[in-house]
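Colleague: Dropping a structure here in structure tokens format, bear with me for questions.
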Amino acid sequence: MRRFRYGIALSAACAALLLSGCGGGGNSLESLDESAGGAPAMAPSAAAAPEQDAQKRSTSQQAGRDGLVSDVKVTQQNRQVIYTGSMSVRVKQVATAVDQAKQIVTAAGGYLSKEESSSASESRDTATLEFKIPPNAYGGTLGRLGKELGMKISMNQATQDVTLQVADVNSRLKSAEQSLESLRSLLKRADTIGQVLQVEREISAREADLESLQAQQKELATQVSMATLTLRLLGPVAVEEEPDEEPAGFLGGLKSGWNALVSTVKVLLTVLGAVLPWLVASLPLVALLVYLVRRDRARRPGVTPPPPGPRPGDPGPETA
């Protein structure tokens, strides 16, 4: 019994010592962390980590909803746009308005490319002007023409984005130039006449393609660099002609056939009108020629056939 009691007492004493040691160790570790400043430094970062994660998740979710990726930088491309427009203006004097329109366009950096005019009377005069205007001055020039010349009747504007077409033509042009250079270098290494002729045919075909692409590139550059405006000036009582819309289907075919018939009749009448004076002038000659032929036939002596006589070998007439 005594040994058992001593064992219990010894176990209780050991447990008390272990608990006191663990408590002291914890206090010493806390004091060491406080003295080194470890706990205060790590606590904010540990607290801020969930907030940063939440911000990242919200940002990624927002980007997913918007359909954008945060790492992609969007750059604005230089668009190639063709501007075209048409305007009708009623003016008091067409000649004066034509000169004023030319001055406005020239002041904006443009020029006149085509001009058509008709002058039936001063009040019925009309003029159609086609201007080339820089795109940056296109809108302001339209406003001035519509306000300063007279009363604007109608205006139509259109734009065409040819950025992809310009890029395609430039790419094909570059490839054609490189291919042509390769063929020319290959021509220098040709040994036989057949090889030379074959390479020269290829060079001729590539040069034709290159010239066609260069013409397309030049035309696109011209259309992009200058906007096209068709200005129609009408006198005080001149009538504006509206373009007719072609009907489709049976009516369209009927109208086309009628127009073709009218055109054919006009051509035939034109030919008849051109030939008729010659016919009238040649009628006296034809009549004279017919008269002379008939008179010549009338003057010729008629050839009378001989009277029938006895044929050789026939019996003579019977004598009484």
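Since every read-out is calculated from the coordinates, none of them should be taken as a lab result. What you see is a predicted model, and the numbers here were worked out from it, not measured in a lab. Cβ atoms come from the backbone with ideal geometry, glycine included; neighbour counts cover every protein chain shown.
Colleague: Stokes-Einstein diffusion coefficient for the stretch 81-161 at 4 °C in a medium of 1.567 mPa s, Rh from the Kirkwood formula over Cα pairs: what value in µm²/s?
Modeller: It diffuses with D of about 98 µm²/s by this estimate.
Colleague: Still on this structure: Quick one: Karplus J couplings for the stretch 156-166, per residue in order, coefficients 6.51, -1.76, 1.60, θ = phi - 60°, nearest Hz, x for Gly and Pro?
Modeller: Along the stretch 156-166, the couplings run 10, 10, 8, 10, 9, 7, 10, 4, 5, 5, 5 Hz.
Colleague: Using θ = phi - 60° and the Karplus form 6.51 cos²θ - 1.76 cosθ + 1.60, what ³J(HN,Hα) does each residue of the stretch 93-101 get, whole Hz, x for Gly and Pro?
Modeller: With the stated coefficients, the stretch 93-101 comes to 10, 5, 4, 5, 5, 4, 5, 5, 5 Hz.
Colleague: What order do you get for 103-110, 155-162 when each peptide is scored by the mean count of other beta carbon atoms within 10 Å, highest first?
Modeller: Put in order of decreasing packing, that is 103-110, 155-162.
Colleague: I would also like to ask the following. Taking 8 Å as the Cα distance limit and 6 or more residues as the minimum spacing, I'd like the relative contact order of the stretch 164-222 as a percentage.
Modeller: Computed value for the stretch 164-222: 51 percent relative contact order.
Colleague: Using the Cβ atoms and a cut-off under 15 Å, what net charge is assigned to the surroundings of V105, where Lys and Arg are +1 and Asp and Glu are -1?
Modeller: Net local charge, V105 excluded: +2.
Colleague: So which of K102/K152; K92/K114; K147/K218; K132/K218 end up more than 27 Å apart, counting from Cα to Cα?
Modeller: From K102/K152; K92/K114; K147/K218; K132/K218, over 27 Å: K147/K218.
Colleague: Expressed as cubic angstrom per residue, what is the convex hull volume of the alpha carbon set of the stretch 164-222?
Modeller: So the per-residue hull volume is 56 Å³.
Colleague: Could you rank the peptides 253-265, 131-143 by their average count of other C-beta atoms within 10 Å per residue, with the highest value first?
Modeller: 131-143, 253-265
Colleague: Normalised by the number of residues in the stretch 81-161, what is the relative contact order in percent for Cα pairs under 8 Å and 6+ residues apart?
Modeller: Normalised by residue count, the contact order of the stretch 81-161 is 50 percent.
Colleague: Right, here's the next one. Assuming R0 = 22 Å, can you tell me the calculated FRET efficiency for the pair A215 and L112, based on Cβ-Cβ distance, to the nearest 0.05?
Modeller: 0.40
Colleague: Using a Cα-Cα cut-off of under 17 Å, which lysines could be cross-linked to K255, ignoring same-chain neighbours fewer than 8 residues away?
Modeller: List returned: K266.
Colleague: Can I ask one more? Ranked highest first by average number of other Cβ atoms within 10 Å, how do 165-177, 269-281 line up?
Modeller: Descending packing order for the listed peptides: 165-177, 269-281.
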